[in-house]
Every structure is written in structure tokens, then in C-alpha cells.
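Each value in this text was obtained by applying a stated rule to the coordinates, not by laboratory testing. Computed from a predicted structure; not experimentally measured. Reconstructed Cβ throughout: ideal geometry from the backbone, glycine too, with neighbour counts over all protein chains shown.
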Amino acid sequence: MMRSRGNLTKAAVVTILAGVAFGAGEIRKEFRYSVGPKATVSVTNQYGPVSVRPIAGNQVIVTAVLNSDKVEVDQNQTGNRVNMFSRLLPGADGETGKVEYDLQVPSDANVMLHSNTGPLSAEGLTGEIAMEGTTAAVEVRNVDDAHVHIKTLDGPVTLTNVQKGHVEITSVSGDVNLNQVNGMLVEVNSNSGKIHYDGNFGDNGQYRLMSNTGDIEAFAPDTASIDVSARSIHGQVENDFRLEPEQTTPFLMRAESAFSGTLGKAASSVKLHSFSGKIHLKKRSTKSK
Amino acid sequence: MNCAEFQELLPEILDSGETSESKVHAHSCKECSELYAELREISQAALLLRGVEEPNLRVWNSIEITLRQEGLIRDAALAGPALVPGHSRNWRLAWLVPIAALLVVMTSGIAIFQRNSQPQSIANLTPISTADGGTAEDQEILRAIGERTPTLRATYAADLQNINSYIRDAQDSLKNDPGDEEAQRALMGAYEQRAMVYEMAFERPLP
């Protein structure tokens, strides 16, 4: 069932509990690896969820539940890198080819997750987090000092409590929700998906929320320290704040489609740009958060 | 020897060295001389890289996507539902990486240069068909997706249609106001998103 890759797995300690029936046709496998600091763990799953959470120590534990014998799990360890891969066999489809992965990794590990259908989730990590899905919903929460790179076609993306992050998200039609997300760079590019930000635009960062046709809604407190510019070429813009005007504006200001200015000491740069989506910078009441 | 003959013999000249005839022609023809010098440089760089570790599959994917978008390669990679490419195939073609990469860089460089010097030309970067089916490249991609993962075809089709529709709107907007830098940025962003869809469609992940 499992094709281990001979000499590539020399450093791995692998425990396989194969053939344990969960339900009709389900197969559970467990893999354990000893890794060093900042290990890289990669999972490529055509169909099914992948979730990652931190574990103390220097082990990576992967539990895979295969939906049928139409799919296999390839795995290997090369040095400090662990790779998991779902291999579809002839006749596999979205249901029989499904594998559910649950990963426990050291918190400083770098993870790369791919699934067409997902969902993908990661929490409590501090390394690089790269997630890619077609229709997969993607969720990242409680990460600190991490680089987060996400690509989806129409899967929704939700980030919660990301501090000191470097965040880059591209989604074609999935909505993007950022809750308490701060960092040196927070960049979202969306085609038709909506972008929702609720936070304080902290960390002296650059925040770029860009959409083609999707609406952008950003909540910030009165105490936010931002230099903001917003423009929708063919859409409406609204601003609930009383911004200090800037000396220069980056584009021709038209009252109904753009605004810019500063709030507080303008520590962070905030750009809210859309082609035809509506942009609304909203004031968040301090009581609600 | 004329230019056509020189260029026809270029592969042999690069392999075996210049002949007296080719030397004479190259000496008298600046264009052929420069072409020969550039190709020799590329082939020497390729030789140096033969022994290096095989590049990550994402590099292959990116190169393939770019070459496909440029129309330099066609259907071969689409054949069959191969989720995992043969290892030997990659090694056999490994020497092509620097050449392909150079092509990609040169093409990108030219595009960036043209963009900087003539920003209004962005609106005409890639004509998008007004038909719902999108471009020929879109159709190829959808066919490949349909063969490999039929359940995702509709998602890709909808998203490509969505992006193409937006690109047409943005192009129209730019035609009305060619100097609008924000509109230029938005349009470039849309092209990048379309490239991302292509990349995800052709992704052939490996451990």
C-alpha cells in the first residue's frame, strides 16, 4: 500500500498502522519522523483535508486516513525535509481518492500544503506556511512571526490572530477574511472575492488589499496609526474616519471614487484598491473588540 | 554562405566549432555574428549546469507555463493524466533549463521594458476573445483539467471566464484613459491572476 522510497527514508522513523478499518474501505496510517530545527513538511493531497498543529519536541507525526484502496500515500524524508504525497490509482475519483491528513509538527517547522478540495488549516506555527488549493477553504490561526503564502481559486481564506506576519494571499473568487492580522507586509489580491479586514493595521507594516471586482471592507479602531489611500476606479468608496489630508495624493482624487489621508502617526501604510468593487473603511467601536 | 545557410548550420557550428565558411560569413554579418555569440554563451552555460541538482518541479512548471503561454510548446505535456512526471524525462531535458529560463527572463524583460516605455500598450498585451470560451490557451487548459480532474473543470472554467471578463473591462477602461497608472496596475494584476490559474492547472506536484 505504501511505497517507501528506499534510501530516501534513511533518517525516518516510520510507524505504519496499516489496514486498520475505520469505516467501509477506510485505511488509517501513521508516520513518525525525527527532525531538526526548522524542518520542512510538505503534503500534496489531491482530494481531502490537511490540518497542521504544533507539537512539542522534534517529531513530525502524520496521520493519514485513506478513503479507499484507490489511493496510496507516498512518503519520504530527506534530511530535514518530510514529504507526503497522495497517489491516485486508476479509477480513483474525488471520493475514493480522498485522504485526510492530520499533521503534528514542531512549531518552527515550515509547511507546504496542497489540496484541490481541502480544507487546509494550520495553527500555532512560526515558520513558513504555504497553502494552495483550488476549491479548498483555507484557514490559518494563532501564528506568530510567520510567512504565510496562500493561493486559491474559489476557496475562502480566513486568517485569525496572525501577528508580526508576512502575508501574501491570492484568490480568484474566494472571499478573504483577515481578523487581527498584523505584520510588515499583508497583501491580498482578489479578482471577484470580497476582502474583509478587521484589525488595527499594526507593526508599522504595509497593507495592500486589492480586488478587481470584489468589495473591500476594512475595520480599524480610532487609535489606528495609518497612512491610507483608497480608490475604486469604477466603484464607490466610503470612509468613516476623519483623515488628515496628505500633501500629495498618488492619483487624481475624485470624491466618489477615492480618498486618502492619515490617522495618528501614520505608522502603517494602507492601500485599498479596486477596479469596480466597493471600498469601505469602517470605524470599529472599541467596545466590540 | 548567406544568413539562412549560416543559421541552418548553427546547431552544427555550436557542436563542432566554426568552419572557415561560417567564420567568413560571421565576420561580414553582424546579426549572425551576434546570434552565434549569444547561442554559444547559452550553450556553455547549459553545459556548466548539467551536473547540478535537478531543479524543483515548480521551476519546471513555471517554465512550462511560460513557454506554453508564449506558444513555444504545445500539446505534449497535456497528454494523459500523469500526476507525476517521469524522473528520467526531467533528467534528459535538464540541460534545457538554463536556456528556457533565459528565454523566460528575456521575454519578461522585454515585456517589462515595453511596459515601462509605453504604458498604454498594456491594454493590448494579450487579446482576450470575446467569446465565452476564452482564449485558445484557456481551452487547452480546460481540456487538460477535464481529463485529469473532471470535477474541477467547472471551477477553472468559471474563474477563467471571470478573469477574462474583468480583463476586457479593464482594457476598455485603459483605452479611455491610457495614462491611468492604477488601471494599468489593476490590469497587470489580472494577468498575474490568470497566470496563477494556469500555474495551478498545470501543477504536477511531487514529494
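Some observations on this one:
- Working note: Karplus 6.51/-1.76/1.60 with θ = phi - 60° gives segment A:137-149 the couplings 6, 10, 9, 10, 9, 6, 10, 10, 6, 10, 9, 10, 10 Hz, where Gly and Pro are set to x.
- Rounded to the nearest 20 debye, the dipole magnitude of segment B:1-49 is 140 debye, with +1 charges on Lys and Arg beta carbons, -1 on Asp and Glu beta carbons, and the Cα centre as origin.
- In the calculated pair-distance distribution of chain A, the portion above 33 angstrom amounts to 32 percent of the Cα-Cα pairs.
- In percent, rounded to a whole number, the relative contact order of segment B:1-49 is 40, using alpha-carbon pairs under 8 Å and six or more apart.
- Around the amide H of A:R87, modelled in the peptide plane, lie the amide H atoms of A:E72, A:V73, A:D74, all under 5 Å away and 5 or more residues distant in sequence or on another chain.
- For chain A, excluding the exposed loop sites themselves (GluC sites (Glu not before Pro), DSSP loop, at most 15 other Cβ atoms within 10 Å), the longest remaining stretch covers A:96-245.
- Under 5 Å from the amide H of A:N177 lie the amide H atoms of A:V157, A:T158, A:L159, A:H196, each residue being 5 or more positions distant or on a separate chain, with H modelled from the backbone and absent for Pro and chain starts.
- Exposure proxy for B:I167, B:I42: other Cβ atoms within 10 Å of each Cβ, ordered fewest to most, give B:I42, B:I167.
- The phi-based Karplus calculation (6.51 cos²θ - 1.76 cosθ + 1.60; θ = phi - 60°) puts the 3J(HN,Hα) values of segment B:181-187 at 5, 5, 5, 4, 4, 4, 5 Hz, whole numbers, x for Gly and Pro.
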